[in-house]
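Report on one structure; see the data block that follows.
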Amino acid sequence: MIDLQYGDGISRRETLRIGSLGLFGLSLPQLLHAADDNRQKGRQGKTTSCILLWLSGGISQIDSFDPKPNAPLEIRGEFKTIPTATPGIHFVEHLPRLARLTNRFSLIRSMTHNQGTHGLADQLVTSGYAPTPSGVGVRYPSQGSVVSWATGYRDGVPPYIYVGDISGPDGFRKRDALNAGVLGAQYNPLEIGDKANDIGFRVKNVTPPNGVDLERMGSRRSMLQMLDKWQRGTESHLTKLEEVDAYYQKAFSLVTSPYVKKAFQIDEEPAKLREAYGRTMFGQSCLLARRLVEAGVRYVTVGMPGWDTHTNNFSDMKDKLLPVLDMAYSALLQDVHDRGLMDSTLVICMGEFGRTPKINAEAGRDHWPATQVFALGGGGIKTGVVVGATNERSEYPTERPLSVQDFSTTVYRALGISPDLVYPSNENRPMKVLAGGEPISELIA
Amino acid sequence: MLRNCVTAFCLGAGVLPAQPVPNFRNDIQPVLTKLGCNSGACHGSQYGKGGFKLSLLGFDAEADYEAIVKDLKGRRVDLESPADSLIVRKPSLAIPHGGGRRFASNSATYNLLLSWISSGVAPPVAADPILVSVDVSPVSQTLAVGQRIAVRATARFNNGTSRDVTALARIEILNDSVAEISTEAVVTAKGGGRAAVLARYMGRSAVANLLVPFAPPAPVSDFQPNNYIDEIVAAKWKQLGLQPARLSTDAQFLRRVSLDLTGVLPKEEDIRAFVADASADKRARAVDKLLERPEYVYFWTLRWGDLLRVTRNGMGEKAMWNFHRWLNRSMRENRPIDQMVREILLSRGQPNSQDVAAFYRMTRSPEEAAEAVSVAFMGLRLGCAKCHQHPFEKWSQADYYGLAAFFARIDSKPDSDYGGSTLRIKPTGFVRHPKTQQVVRPSIPDGDNFPYEGDPRQQLAAWLTAKRNPWLARNFVNRYWGYMMGRGLIEPLDDIRETNPASIPEVLHALERDFQEHGFDQKRMLRAIANSKVYQLDSTPEARSPRDNVFYTYYTPKRLTAEQLLEAISSATNAPEKYPGLPQGIRPIQLPDPEVTSEFLDTFGRPRRLVPCECSRNNESNVTQALHLMNSDFVQDKIAAQGGRVASLFALVPTEQAVVNLYYGTLSRPPSEGETAAAVALVRQRPEGEERRKVLEDLLWTLLNSREFLFNH
């Protein structure tokens, strides 16, 4: 008798209920967390999730959320500005939807740091630590990895997922913003690729391969349980072997978890909603992120490449980047609001640094970490607030200069993680989640 | 006047007199360090704290003096009213202090600081006695569980004086399951093992070794040493009251040593022949045969490629292939390692045709060259010293930049023809200390410095490859041991330092000496390790064996590396890899660099070869890997391949034989009777035909996903 176990023995009735989401007005979180336990280390009972829209390459602040209409042409650039729903606040003309939705997110216009190198800046901004400049240095864990460590797998649902592309020759560098570094590779995100917009989207390796159905998967699992006897039942308890066991358990529960399966079934979404997000890789990935959060994933990073506009900044921004962002981000905010998820979901939108005020000879902008804009809101972070300001030429902050540490402290607090939590590095050195930073009071709800 | 008389009276005792005027460098700084004021978590951090920045652990007395006395408009010290100085008010919590109360007012520390301020805040001067070294005693001791000893740290200065600094030094036990230390520096032994006692004081450190037997010392039963390695390790076991596991079975040994020396699984016919062979020296002969196989050359070329960061992403494709071929030749010829290192260090010319000049294409500055060279050839992480005194070791910024200086004259000029460049030595170029901007002369760690003349690398190469220089030998023998045994004598493999002592120093020294005295011969070293009985032990620990296996009482199972796993899966399924753009038949251990696309290899931790660190290769397991092995089309396609193993067995041989064949092809052993019976029963449950073939596929899947397959044991 093949015993295909669901992760925790969910009854058929509950499975039916999941299948009719929306019909009875029950959301996945309500189902899952009715019996929330206190297993999470240091989570202080909070179940806030985070969606990070990672604009890889570094979004130009002037050409998006902090335009400078009064600066000379060689700084303000080609784009006109439009008013937003917040009096006195303007965006560039290519973000009309976000301009109307400024009550749903806040802006930090005065983020500043001094790391202008890709990879290192990625690590800085997502971990809250300046990466050590030496080759054999310490790689600090990203926020997602820390959350993953504090949360663990529940009901077969991985705590930290990356939706986006990692392949290619500099895929390793993209990982700098995502990975767990010295916290340990087991806290790296589960990567599910960037094909959310494809017809018949399937997450790799979470479903059985070609020619193998779920029943056969079950037979295989039984066979493995029966035959994999080496070093079992002895007193040896070799850690590495136990770890592999644990990963196989997680993998099996992931594969058989109804929540995860449902979450990945993006084609269940009504076509109208899919179009509202935009039928682009990024748009559909944002929609997938919302589903993942509903299924219990605690931290989802959605990657969007292309923002490193050293050349053709204006044509790229206008044609390829801003419209996609505008549609996807605003649809996500609207969707999260409509589903009553705003209090439990923090949405962040940022890149690794800003871009130079002075336009270069290739009609582009280069790296400028001194000024940068972060957008964030929900999950205990206030919306509709604009913190800080930069000078007329967007060269440096004039009001409320804030550090990456301040930002990280604020985010961790919202997610219920104490920045003073200590974890052991993979060489058993005690490390603090964060070393400094003041919570940004204007944003704390 | 009176002061001088007191000084004269005390000096004869050879102990630093209790100076009426506290000395900033030698009295104040140590206290700030002991109290944690200048630690990385507080004012010693990158950004300081609360606007007050001190050098990390007080390595820069002059800068710290400025910060305390001159910065903040001199408000930290109040010469007229010393008790109002911030430097005493804050840490005694007379006013709020983020760091809390570090000492009470009227404590000795408080009075010391007050005394220093009242006497006019004397600055650090060149004439101060300068700390030269610290020692800790007793230097080595064997303790029984529960036994206590007092530990003492003594500071030695350049004027011949010394001072007991036990109260001010940071003394810790590096393995707290073995022993613990009280605030009064009394060590109590808690459990069996080796513990290093590390004393750190003002940038100097010293290590003492404690040994606590697991059981009363006893002769090791039933263990005949094969070579000198066994003799030394057995002596340590005896001292510690440890007993080793039994010997591995023949099949186990053959699989293990094939993987460790050649990266691939043994073939069924070789396993059968080996097990059936009755001769006493069969294991030694098997080792000899493996060392002569082509796979040995491929596999160690791969290991060296990781070490030297051979990749077209940085070197360029042509240069990468040159380097790869040079490594291949060197492994085939078993070239002495010191010669290889020399050639790499001194390389110049055109990387696209000069075999190893591309090493310097991976280092874009003298500093990067210093880091790469120190890690790869000395196992030394000098990188921490780039910005500050190395926190655990004596290397200073001066040492770091001194090593970098050897590479200051390297120049790479693009050639007129596309994509080429020439590495040459230019007549100018210096390294300057980033803070003082003084020119730093090329200097070897802990040794002489040299003028900037000709190719300064010559001096470095001469020093590094000198027969008696321990660094080169230590680095390589430790790595070989670590690759074979699963755990280096020093761990991590590239973190060799005084404050990170070897688990069994006697073995390390013996291996070093043998390596140095026999021409830095890689094959000889690997042969000695593989032939040792220590290497050949079973992989199941005894009931009372220490789990961390620091003393090698059993063979530590380790997960197959990415390339080993891909090789094993390909041979187990009889579905070889194909790499577009590369010659037919090229196998995973032959890949020249990580830019050859392979999602499998990336998933299982293949290093990118961009960072000079052993940690670049990630052999940790994770869920993504489990999913890949369980569910990927990649693996399933190999299992079900038309010309694959199952396809060639099914309906052509009896079921029992197929099962035996599958076990040999994966676990490198025959199935037990019970395993055969179970597998055959599962097959026979199904109707004949396709359904039974699927069960055989499922059996292969099961074997590929079992831990016995995934681990080298």
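The values are calculated or read from the model by the stated rules, or taken from the named source; none is laboratory data. Note that this is a predicted model, so its numbers are computed, not measured. Here the Cβ is made from the backbone with ideal geometry for all residues, glycine too, and neighbour counts use every protein chain on show.
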- Pairs where the first residue, in the range B:161-185, is among the hydroxyl-bearing types (Ser, Thr, Tyr) and the second is surrounded by fewer than 14 Cβ atoms within 10 Å (Cβ to Cβ), C-beta under 8 Å, 6+ apart: B:THR161/B:GLY14; B:THR161/B:VAL15; B:SER162/B:GLY14; B:SER162/B:VAL15
- Query: For the range A:219-233, what are the residues that are out of contact with any helix residue (DSSP H, G or I) (no Cβ under 8 Å at 6 or more places or on another chain) and either in a loop (DSSP other than H, G, I, E, B) or within 7 Å of another protein chain (Cβ to nearest Cβ) (or both)?
  - Reply: A:LYS229, A:ARG232, A:GLY233
- Item | Which numbered condition B:SER672 fails, given (1) within 11 Å of chain A (Cβ to nearest Cβ); (2) surrounded by 17 or more Cβ atoms within 10 Å (Cβ to Cβ); (3) within 41 Å of the chain's Cα centre (by Cα) | (2)
- Item | Residue that is nearest to the other protein chains (Cβ to nearest Cβ), among those in the range B:333-352 that are surrounded by fewer than 21 Cβ atoms within 10 Å (Cβ to Cβ) and of a type in the set (S, T, N, Q) | B:SER347
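This table checks each residue for (1) within 14 Å of chain A (Cβ to nearest Cβ); (2) outside any loop (DSSP other than H, G, I, E, B); (3) crowded, with 19+ Cβ neighbours inside 10 Å; (4) at pLDDT below 95.
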site	(1), (2), (3), (4)
B:LEU327	no, yes, yes, no
B:MET331	no, yes, yes, no
B:GLN354	no, no, no, yes
B:ARG364	yes, no, no, yes
B:ALA372	yes, yes, yes, yes
B:HIS390	yes, no, yes, yes
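Is it fair to say A:SER56 is touching a residue at least 12 places away in the same chain (Cβ under 8 Å), away from chain B (no Cβ under 14 Å) and within 24 Å of A:THR356 (Cβ to Cβ)? Can you show your working first?
Details: touching a residue at least 12 places away in the same chain (Cβ under 8 Å): yes; away from chain B (no Cβ under 14 Å): yes; within 24 Å of A:THR356 (Cβ to Cβ): yes.
The answer is yes for A:SER56.
Looking for whichever is over 23 Å from the mean Cα position of the chain (by Cα) and of a type in the set (Gly, Ala, Ser) here; the options are A:GLY364, A:GLY379, A:GLY416, A:GLY354. Which one fits? If you could, list the steps in order and put the result at the bottom.
Details: A:GLY379 fails: over 23 Å from the mean Cα position of the chain (by Cα); A:GLY416 fails: over 23 Å from the mean Cα position of the chain (by Cα); A:GLY354 fails: over 23 Å from the mean Cα position of the chain (by Cα).
Every option except A:GLY364 fails the conditions.
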- Task: Can you give me the number of residues within the range A:136-149 that are in contact (Cβ under 8 Å) with a residue 12 or more places away in the chain and surrounded by fewer than 24 Cβ atoms within 10 Å (Cβ to Cβ)?
- Result: 3
- Index of the failed condition, B:PRO687 passing every other in (1) closer than 20 Å to B:VAL264 by Cα; (2) more than 9 Å from every other protein chain (Cβ to nearest Cβ); (3) at pLDDT below 95: (1)
- Residue satisfying all of: in the range A:201-218; assigned to a loop (DSSP other than H, G, I, E, B) and more than 8 Å from chain B (Cβ to nearest Cβ); nearest to the chain's Cα centre (by Cα) among these: A:VAL203
- Consider only pairs whose beta carbons are under 6 Å apart and that are at least six residues apart or on different chains; among these, list those whose first residue lies in the range B:188-212 and is without any contact (Cβ under 8 Å) to a residue 60 or more places away in the chain and whose second residue is in a strand (DSSP E or B) and surrounded by 22 or more Cβ atoms within 10 Å (Cβ to Cβ). B:ALA189/B:ALA179; B:ALA189/B:VAL212; B:LYS190/B:ALA179; B:ALA195/B:ALA179; B:ALA195/B:LEU210
- Task: Just name the residue that is nearest to the other protein chains (Cβ to nearest Cβ) out of those in the range B:581-618 that are among the aliphatic types (A, V, I, L, M) and not in a loop (DSSP other than H, G, I, E, B).
- Result: B:LEU601
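Does B:SER621 meet the test of being of a type in the set (Ser, Thr, Tyr), over 19 Å from B:ALA251 (Cβ atoms) and not in a helix (DSSP H, G or I)? Break it down stepwise before answering.
Details: of a type in the set (Ser, Thr, Tyr): yes; over 19 Å from B:ALA251 (Cβ atoms): yes; not in a helix (DSSP H, G or I): yes.
Taking the combined requirement at face value, the residue satisfies it.
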- Some residue of the range A:111-123 being surrounded by 24 or more Cβ atoms within 10 Å (Cβ to Cβ), of a type in the set (A, V, I, L, M) and outside any helix (DSSP H, G or I): yes
- Message: I'd like to know if the range A:62-84 contains one or more residues that are within 14 Å of chain B (Cβ to nearest Cβ) and among the aliphatic types (A, V, I, L, M).
- Response: no
- For B:ALA405, indicate whether it is assigned to a helix (DSSP H, G or I), surrounded by 23 or more Cβ atoms within 10 Å (Cβ to Cβ) and modelled with pLDDT of 90 or more. yes
- Given (1) buried (at least 20 other Cβ atoms within 10 Å of the Cβ); (2) away from chain A (no Cβ under 14 Å), number of the condition B:LEU35 does not satisfy: (1)
- Would you please name the residue that is nearest to the chain's Cα centre (by Cα), looking only at residues in the range B:360-382 that are more than 26 Å from B:THR428 (Cβ to Cβ) and not β-branched (Val, Ile, Thr)? B:GLY379
- Message: Given the condition surrounded by fewer than 16 Cβ atoms within 10 Å (Cβ to Cβ) and within 15 Å of B:GLY402 (Cβ to Cβ), answer yes or no: does some residue in the range B:453-472 qualify?
- Response: no
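Look through the range A:246-275, keep the residues that are of a type in the set (Gly, Ala, Ser) and over 20 Å from the mean Cα position of the chain (by Cα), and return whichever of them is nearest to the other protein chains (Cβ to nearest Cβ).
Of the residues in the range A:246-275, the ones of a type in the set (Gly, Ala, Ser) are A:246, A:251, A:253, A:257, A:263, A:271.
The next check asks that each one be over 20 Å from the mean Cα position of the chain (by Cα); those that pass are A:246, A:251, A:253, A:257, A:271.
Values: A:ALA246: 9, A:ALA251: 4, A:SER253: 10, A:SER257: 12, A:ALA271: 29 Å.
Once the filter is applied, the top-ranked residue is A:ALA251.
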- Residue hits (the range B:559-568; crowded, with 21+ Cβ neighbours inside 10 Å and within 14 Å of chain A (Cβ to nearest Cβ)) are B:ARG559, B:THR561, B:ALA562, B:LEU565
- Task: Go through the residues of the range A:234-245 one by one and say whether even a single one is hydrophobic (A, V, I, L, M, F, W, C) and more than 7 Å from chain B (Cβ to nearest Cβ).
- Result: no
- Item | From the options B:VAL680, B:VAL653, B:VAL635, B:VAL646, residue that is more than 8 Å from every other protein chain (Cβ to nearest Cβ), surrounded by 20 or more Cβ atoms within 10 Å (Cβ to Cβ) and not polar (S, T, N, Q) | B:VAL646
